[in-house]
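A short worksheet on the structure shown next.
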Amino acid sequence: MIAVIRQSATTDQLDHFVAWVEAKGLKTNVSQGEDETIVGLIGDVSRIDPFLLESMDIVERVQRVSEPFKKANRKFHPEDTVIECRGVKIGGGNFQVMAGPCSVEGKNLIEIARACQKAGATMIRGGAFKPRTSPYSNQGMGERGLDLLVEVRKELGMPIVTEIMDARDIELFVDREIDVMQVGARNMQNFTLLKELGRTDTPILLKRGMAATIDEWLMSAEYIMSEGNDKVMLCERGIRTFETRTRNTFDLNAIPVLHHLTHLPIVADPSHATGYTRYVAPMALAATAAGADALEIEVHDDPSNAWSDGGQALTPSMFADTMRRVGLIRDAVTQEVR
Ligand code: PEP
Ligand code: MN
């Protein structure tokens, strides 16, 4: 970390500042130029709050020279992480598609899952615990929904992805050997949940918070990894901007940016990112071209009667057509899009 010191600072103030930094257990390197004085802070800079530094009268600005995320950082782990879920690999050139309804609703799950599998999906998604904006909206089937997902897995042999909202439910998920636990956008900074998930051995699909920067998102991944679980996938699902024509704004930039910064697999969710069925296929293709390691797409056999997110669901036949085109894009870009 580097602190640029204001020109108006006196020698006394500078000495006082250096002593304060060193008292925190860091070393300093003071470089006095003609126009500005720069103090390099060397050592474990996590001991110092950069906002506190910047609020000091003699400090003009503070610049980080290394990222605060370590385990997720590609610098310390250059090769891509490949996550294996019941034999299905994601990352490092292995491309997968997770598909299924927003909410697990009952018996139609198996029909939807079968259609998705036939179209080429390799993992089944469905929410049993639903993070609804309103407490009066349907909150999902809960435990019974998890059981239905397990039945589908047994029948079709595909790994299942489902959202966990509360650390108190971890046992329900682990007992059923849920293959991927999804952390929803609304929980991306629920650090208690993230730490608890870090103590499990189950792959985690960490969705981007709707107002989270890429760095905040990576720090959330770091929370999980710092507890011992390295099996984290990051899922771009759109962020909130001034645009109102779509539910969210799909940050396609995040895909190559994350590939540059981290070794973790990157998943893209064009369903929540756009919020409208008609935009899902084009953005699924775009995310594939941009280098996503996997897609997560909502599919429903009767969107107009879906419990949630019917307006962004693809029907099984739309999904099959999207998959065909995703395959063409994958062929066109091969595996060297980074
Ligand atoms: C979902 O995947 O159904 C979901 C609720 O996603 P998000 O957390 O991205 O809104
Ligand atoms: Mn949904």
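The values are calculated or read from the model by the stated rules, or taken from the named source; none is laboratory data. Bear in mind the structure is a predicted one, so any value in this text is a computation, not a measurement. So basically every Cβ, Gly included, is an ideal-geometry build from the backbone, and we count neighbours across all protein chains shown.
Miscellaneous remarks
- Looking across the stretch 108-150 at every residue that is over 28 Å from MET323 (Cβ atoms) and of a type in the set (Lys, Arg), the one that is nearest to ligand 2 (Cβ to nearest atom) is identified as ARG132.
- Screening LEU53 with (1) surrounded by 17 or more Cβ atoms within 10 Å (Cβ to Cβ); (2) modelled with pLDDT of 95 or more gives one miss only, at (2).
- Output for the stretch 26-60, where each listed residue is over 22 Å from MET219 (Cβ atoms) and either of a type in the set (Gly, Ala, Ser) or in contact with a Cys (Cβ under 7 Å, 6 or more places away or on another chain) (or both): SER31, GLY33, GLY40
- Condition check for THR162: within 16 Å of ligand 2 (Cβ to nearest atom) and surrounded by fewer than 23 Cβ atoms within 10 Å (Cβ to Cβ): no
- Test: residue in the stretch 68-79 that is surrounded by 14 or more Cβ atoms within 10 Å (Cβ to Cβ), among the aromatic types (Phe, Trp, Tyr) and closer than 30 Å to THR288 by Cα: yes
- Cβ separations smaller than 9 Å between residues 6+ apart or across chains give no pair from the stretch 105-132 residues that are more than 13 Å from LEU156 (Cβ to Cβ) and buried (at least 16 other Cβ atoms within 10 Å of the Cβ) to residues that are of a type in the set (Val, Ile, Thr) and modelled with pLDDT under 95.
- Selection of the stretch 194-232 for residues being touching a residue at least 60 places away in the same chain (Cβ under 8 Å), part of a strand (DSSP E or B) and more than 16 Å from LEU252 (Cα to Cα) yields LEU205, VAL232.
- Filtered by the rule that a residue be under 19 Å from the mean Cα position of the chain (by Cα), away from ligand 1 (no atom under 16 Å from the Cβ) and either in a helix (DSSP H, G or I) or buried (at least 24 other Cβ atoms within 10 Å of the Cβ) (or both), the stretch 292-338 gives a lone residue, ASP293.
- Count of residues meeting criterion [over 20 Å from LEU234 (Cβ atoms) and either touching a Lys or Arg at 6+ places or on another chain (Cβ under 9 Å) or in a loop (DSSP other than H, G, I, E, B) (or both)] in the stretch 146-186: 16
- Residue list for the stretch 244-291, restricted to those being within 15 Å of ligand 1 (Cβ to nearest atom), part of a loop (DSSP other than H, G, I, E, B) and closer than 15 Å to ASN94 by Cα: none
- Pair list, Cβ under 7 Å, 6 or more apart: the stretch 267-284 residue on the phi > 0 side of the Ramachandran plot and of a type in the set (Gly, Ala, Ser), other residue buried (at least 24 other Cβ atoms within 10 Å of the Cβ) and assigned to a helix (DSSP H, G or I): GLY275/GLN312
- Residue check: SER137 meets all listed conditions (1) crowded, with 16+ Cβ neighbours inside 10 Å; (2) touching a residue at least 40 places away in the same chain (Cβ under 8 Å) but one, namely (1).
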